[in-house]
Every structure is written in structure tokens, then in C-alpha cells.
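No value in this document is a laboratory result; all are computed from the given coordinates. All values reported here derive from a predicted model rather than from experimental measurement. Neighbour counts run over all protein chains shown; Cβ positions are idealised from the backbone, glycine included.
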Amino acid sequence: MFKTLAVVFAAIPFAFGLIRAVNTGSDVRYVWVALAAMCGGMAGMAAARATGRGANPAVIVPVVFVVAGAFAVSAAMLLGTRLGPGILIVAASFAACFAAASALSVRPRAR
């Protein structure tokens, strides 16, 4: 159940990107930003797990949020977006989705 919910949270940024692409007809920048944030989230998960604390959500979630957000902002800037409140809000939103997905995927199992 929680793994499925994690997939749903991870899919939300791509859904927004696809909605924007369909509405505008050609603007796929959000899809690229979502892809970069996902790569950042995966890198953050790997880095947090490499610390030796295993699957501790208290370590993984903030690391994933920061790294995914940084990757998202970097991708947006490479695509020509100027740094401002708009891209910071989008990047933080996408990063929060991936942080929530990581929290759900490493959630300790009830015994």
C-alpha cells in the first residue's frame, strides 16, 4: 500500500509536466525539470543510504528534498528560466513530492 502511494507521489511532477505540455502544445520544460528532480531524488536516496544509517527517514527525506530541489532548479536554469520565485516554488513542490515518495518507500514496517 505504501509503495503504491510512493509511486503516486513520484508521478505527480510528471503529471503536471504532461498537463502543461498538452495545454501549451509544445512546452515540455516541466517534464525535464521533473526528470531532473527525480534524478536528484534518486541521488539523494543513494547518498543518504551511503551514510550507513540504512533507511532512516529522518536522514533520507531532508537529503532527498534538498538534492531534488537543487537538480530541479539547475535543470530549469539550463533550459533558460531565470531564477525567481516561480521556479523556486515549482522546484520545491517537485522536491517535496519526491521527498514524500522516499519517506513512504522507506517507511518502517509494522511488526
With the condition being touching a residue at least 60 places away in the same chain (Cβ under 8 Å), I'd like the helices (runs of 4 or more DSSP H) fully within the chain carrying at least 3 qualifying residues. 2-24, 29-48, 85-105
Selection from the stretch 3-26 of residues that are of a type outside the set (Val, Ile, Thr) and loosely packed, with under 13 Cβ neighbours inside 10 Å: Lys3, Asn23, Gly25, Ser26
